[in-house]
Structure formats: structure tokens, C-alpha cells
Amino acid sequence: MSQPIRYIMVGGFLGAGKTTTLGRLARRYMDQGLKVGIVTNDQATDLVDTNTLRAQGFDVGEVAGACFCCNFNELMSSMDRLGAAGRPDVILAEPVGSCTDLVATVIQPIKRLFDADFVIGPYPVILKPSHGIRILRGESGAGFSPKAAYILKKQLEEADAILINRIDELAPAELDELTRLLSENFPGIPVMRVSARTGQGFDALQELLDQQGDFGRRVLDIDYDTYAEGEAELGWLNSSLHVSAPKPFDLDAFLLEVISLLRAELHDLGAETAHLKTIGLWEGFFGVANLISSETPPELSLPSKCQVEDCDIIVNARVACDPQVLEERVKKVLAAVCAKRGATAEFRQTQSFRPGRPVPTHRYAAD
């Protein structure tokens, strides 16, 4: 009989660093000789995260069109497909960053319905410092409404451990304040400090994730009306296009300019950014640029170091504004960045919408 697959889901708000964390964890497990599968998740197709992880050589399945909780059967099918080329030892799962109540609607159903196939690892939730510290302080200018902030708090409440990410960028005083706020708001939940970018704290994180025990038991008392209204405040956009130019251009500069101009456009609208990210793909090379809040600078998180004449571009945007306005601004910026290089953009698909009310396939209390 086959050994059960270790299922590790890593939660956190939009822009918290889940994809970078999963990529680093996957590499560590593979270096130990383990076979790893990754499952990403989004409300729409054309996901930057999936393309980023696949471009790094990982075996990635995608659940698109709904969150894990509302498309539980597709999550299980996706994990089954990952095993087609050889059963994984570990599956790392990345849920949608605007979702919560995942212990009751994902972890507990796997335990109840597939207990012979999976062993559940601890459920860590990553705190995004830029929005997290403002929300936990109770600041009125936290960037999101109380209903959207409710989601971030509920995500932390159901965690087996809370990870403060980006510690390489935080001043000691900020780090200490975040640790104190988390301990006060979520007593009894361990707080760990990590940097997904540098790997700092990942030895301790992996030690936690490798523990045996009955994890994923913090079932929430949650108001689904508040949850749904908080999610619906976010405009959601996924867009894919092909860019062609008469002469080579710097792909990284292109990606960073897209994010920088979008930041300015959204600032003018007074619209808070949860996460903006774009990936450029060309003949096996790729680059990624992103923005995780209106107050942080744009970042080239994964440089391609390529000069290209044509490439595929995917843009994902999660912003507290009307999705139609968001689509208009994204297309305006892409047109301007292309025009500057004499390039043409052929849009293949654009989806812009507000997430619908979450309707979980299953919901169980802790057994």
C-alpha cells in the first residue's frame, strides 16, 4: 500500500508571499529526494503564479474559476493528475489570497473523505506586513474597508502558525510590534519570522511542517455575509497578451514599467492595491514584477535579464476598485508601454470581475 501524501497548504492574504514561499519549500523538499507537486488556485484563468512556478521547473496543477473551498472536487482531481507521472511525497497547495474558512472547507473535508490518501501537515498563514500592521493597529487608513480587513484577520485566526514574511525588509521595531500585535490578537498561535526571498527562518519552518500531529483544527466562527462583501470589494483582473516589437527591448524594464505606471494610475483613483503582478515569458526565460500595496515600491522579483523582440505577458491585478475601471487602466498602461517601444499588443484573453459569494462544497467542524 502506498504511503499517504503529505498535504501542506500555505495561506495568506493577497501579496503575502505564498508563491515565493511554496517555490522555496518545493526546492528544499526536492533537494531531499522527495517528489513534490504544487497546486495553485485562482478565481480566473491565466494565473501568474502557475506560470512562475512552472517556469522554475515545478510540477504544477491549477484550480481555476473558483477557490479550493468552492471547487473542492477539482482540487482533488488536480492532485490526482499530479500523481499521474509518479505519486508525489508532498503536495504544496496555495489557496486564493482573498479566501478564508479553509480549515472547515478544505482541510477537514480531506481528513474526512480522503484520510487514507493524505496526511495533513500544519497549516501556516503568512502575514503581509504592509497591510497587516495597519489592520492590526486598527488604523482607519489601512487601505481596505473593515469587511476586507475581516478576511485577513480570519485567515490568521485559523492558522496553526503565523509567519511574518519579509523580515529582511523590516526594522527591528516594526518586527517587534508585529509580533506583539499578533500575540495579543491571536493568543496561543505560534508566530514565526521568515523571509521567502532570502530563506531566512526556513529551517525552522520546515521543521514545523514536518511535524506529525492533528493539525488543521481551528474551525472558524465566521459571518459569510461579511466575508462575501469583503471579497466583493476587490476588482479582479487576469489578462494575457502577446507583444511584438520591431527591435529588441529589455523585458525586465518593460515589466517594471507596467507595474510602476499601474501604481500611479491606481493612486490617482485612490484605489488600494492588494496585489499587482506581471510575468513575461520568452523561449524558456521569464521575468516577474509585482506590487504588494499602494505604499510599497514596485519590485522586479524575478529578473529575466533578456532582450526580446516578442514575448507573452500575463497581468494579474487585485485592487479595491471597480473591475471595469481596472481593466481600462490596465489596457491603457499596456498600450503606453508598448507604444514607447514601437511594439504591438495582441490581447488573447482578459477577465475582470468581482468575486462571487463563496459557497463551499463541504464544510465540517473539527472531528
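The values are calculated or read from the model by the stated rules, or taken from the named source; none is laboratory data. Computed from a predicted structure; not experimentally measured. Virtual Cβ from ideal backbone geometry, glycine too; neighbours counted across all protein chains shown.
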Residues of region 111-156 satisfying the condition of being within 23 Å of Q3 (Cα to Cα), in contact with a strand residue (DSSP E or B) (Cβ under 7 Å, 6 or more places away or on another chain) and of a type in the set (D, E, K, R): K111, D117
Looking only at region 171-198, and only at residues there that are in a loop (DSSP other than H, G, I, E, B) and among the small types (G, A, S), the one that is nearest to the chain's Cα centre (by Cα): A196
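Among helices (runs of 4 or more DSSP H) lying entirely in region 106-164, which contain 2 or more residues that are out of contact with any helix residue (DSSP H, G or I) (no Cβ under 9 Å at 6 or more places or on another chain) and surrounded by 19 or more Cβ atoms within 10 Å (Cβ to Cβ)? If you could, list the steps in order and put the result at the bottom.
Working: elements: 108-113, 129-137, 146-157.
Of the helices (runs of 4 or more DSSP H) lying wholly inside region 106-164, those with at least 2 residues that are out of contact with any helix residue (DSSP H, G or I) (no Cβ under 9 Å at 6 or more places or on another chain) and surrounded by 19 or more Cβ atoms within 10 Å (Cβ to Cβ) span 108-113.
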Selection status of D168, assigned to a loop (DSSP other than H, G, I, E, B), within 19 Å of G17 (Cβ to Cβ), of a type in the set (D, E) and outside the structural domain of D322 (by TED's automatic domain parsing): yes
Failed item in (1) touching a residue at least 24 places away in the same chain (Cβ under 8 Å); (2) buried (at least 21 other Cβ atoms within 10 Å of the Cβ); (3) assigned to a helix (DSSP H, G or I), with C67 passing the rest: (3)
E74 vs. criteria without any contact (Cβ under 8 Å) to a residue 12 or more places away in the chain and either of a type in the set (F, W, Y) or surrounded by 17 or more Cβ atoms within 10 Å (Cβ to Cβ) (or both): yes
Residue under evaluation A264, criteria (1) among the small types (G, A, S); (2) part of a helix (DSSP H, G or I); (3) more than 23 Å from the chain's Cα centre (by Cα), criterion not met: (3)
Pair list, Cβ under 8 Å, 6 or more apart: region 337-362 residue acidic (D, E), other residue part of a strand (DSSP E or B): E346/L241; E346/H242; E346/V243; E346/S244
Which listed residue, of Q307, Q324, is modelled with pLDDT of 95 or more, assigned by TED's automatic domain parsing to the domain that holds S239, farther than 21 Å from Q56 by Cα and surrounded by fewer than 16 Cβ atoms within 10 Å (Cβ to Cβ): Q324
Test set (1) in contact with a Cys (Cβ under 9 Å, 6 or more places away or on another chain); (2) of a type in the set (G, A, S); (3) surrounded by 24 or more Cβ atoms within 10 Å (Cβ to Cβ) - A289 fails condition number: (1)
